[in-house]
Amino acid sequence: MMSTVIFSQRNYQRTLKLMGSRFDLTVVANDSATANSYMDLAVDEITRIEKLISSWDPNSRTSEINKNAGIKPVKVESELYELIKRAIGISKLTDGAFDISYASMDRIWKFDGSMKTMPSEEEIKSSVAKVGFQNIVLDPVAQTVFLKLPGMKIGFGAIGKGYAADKAKQLLMDRGVPAGIINASGDMNTWGKQPDGESWKVAITNPMNKNKVFALLPITDGAVVTSGDYERYVTFNGKRYAHIIDPRTGYPSTGIISVTVFAPKAELADALATSVFVMGKEIGLDRINQLPKVECIIIDEKGNISKSDNIEIDKL
Ligand code: AMP
Ligand code: MG
């Protein structure tokens, strides 16, 4: 006699620290053993990417590029080469608001509570002279990356988590996982639907009042990323400085406290969320409105909410 086994799918979750940040993984599976094996794959993938792009790990390929700034080109994996190439593309798209070579500024601006006085104008000036994506030299034939100026440095703080979330999602989709969420500290990437057939939804809160959700938006096969300064910022003379640096001035951006971007890929959403901080409300919205399938919500330091043209917020 034939027996029928009815599997009932449900969500399985795991929270862990990767890339120095909290990751929440959710997969839809029939049983916990299957779910765990999927989540192990995602963790391995994210760990692999971290080893490539971390600028803290002195043994990463990225650190090798930084150590050789002003000295010589470094041959890199095609994956890293392409990521840097796309990052430069986003710099061009945002008129330099996004710039992975912002990283030399992290020698003078520290947002971990250790900075007690504002860096001097001279310090900022000499440091920002090392910032500029135009001085990241790519050689497509030799597949090398060369930072032209001594002291130049690149970092993927504004794009790496989004990239890792995209890669982990793709890997699990390729393995046939029907649905899930990769949430990298607010860089969320989803696919498929919840076991009850509903779309995944993302709750948007105002950092001024974190307990109150002001919008609940469905996301299907897409990414939503929030960049916020409410955890990492410094205040000097009553002015709040976000951990996002304007690469053109060397000063941290001010005025905006949270930017949420919706896009098909987390990598783009991540990079654009950071860029809008630097571009400011008007230019930021204008740029986002020109990009297909990209939307955003901006909250300024007074708590005002602005949104791109095609986004509907259901007031709760
Ligand atoms: P996110 O949370 O995605 O907005 O990324 C913020 C992080 O991106 C910062 O902590 C820095 O590591 C890095 N970053 C800061 N300013 C910039 C910038 N203008 N372009 C690219 N990355 C930046
Ligand atoms: Mg970002």
Neighbourhood charge, 13 Å Cβ-Cβ cut-off, centred on Ile65 and excluding it, Lys, Arg +1 and Asp, Glu -1: +2
With Cα coordinates, the longest principal axis of the chain makes an angle with the long axis of helix 160-174, in degrees rounded to 10, of 30
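Go through Lys75/Lys161; Lys17/Lys193; Lys148/Lys239 and tell me which ones have a Cα-Cα distance over 32 Å in this structure.
Lys148/Lys239
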Cβ-defined net charge surrounding Asp221, 13 Å radius [Lys, Arg +1; Asp, Glu -1]: +3
May I ask you to derive the FRET efficiency for Asn30 and Arg86 from their Cβ-Cβ distance with R0 = 30 Å, giving the value to the nearest 0.05? 0.25
Taking Cα pairs under 8 Å and at least six residues apart, what relative contact order does the chain come out at, in percent? 17
May I ask you to evaluate 6.51 cos²θ - 1.76 cosθ + 1.60, the Karplus curve with θ = phi - 60°, for each residue of the range 26-37 and list the ³J(HN,Hα) values in order in whole Hz, giving x for glycine and proline? 10, 10, 9, 8, 7, 8, 6, 5, 5, 4, 5, 5
Kirkwood Rh for the range 106-197 from C-alpha pairs, in Å, is 17.1
Straight-distance crosslink candidates among aspartates and glutamates, where the alpha carbon sits under 13 Å from Lys307 and sequence neighbours closer than 8 are dropped: Glu282, Asp286, Glu295
Which of Ser78, Ser101, Ser54 moves the most in a Gaussian network model of the chain with Cα springs under 10 Å? Ser78
Dipole of the chain, Cα-centred, from +1 at each Lys and Arg C-beta and -1 at each Asp and Glu C-beta, to the nearest 20 debye? 540
Residue among Ala273, Ala184, Ala33 with the largest mean-square fluctuation in a Gaussian network model of the chain, springs linking Cα atoms under 10 Å: Ala33
Rg and Dmax of the chain, Cα atoms only, in Å: 20.5, 83
Taking springs between alpha-carbon atoms closer than 10 angstrom, which of Tyr163, Tyr12, Tyr251 fluctuates most in the Gaussian network model of the chain? Tyr12
The relative contact order of the range 22-134, taking Cα pairs under 8 Å that sit 6 or more residues apart, comes to a percentage of 15
Starting from the Cα of Thr235, step 7 Å along the direction of its Cβ; do the same at Ser21; then give the gap between the two resulting points in nm. 2.6
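No lab work stands behind these numbers, since they all come straight from the coordinates. Being a predicted model, the structure only gives us computed values, none of them experimental. Note that we place each Cβ from the backbone using ideal geometry, even for glycine, and neighbour counts take in every protein chain shown.
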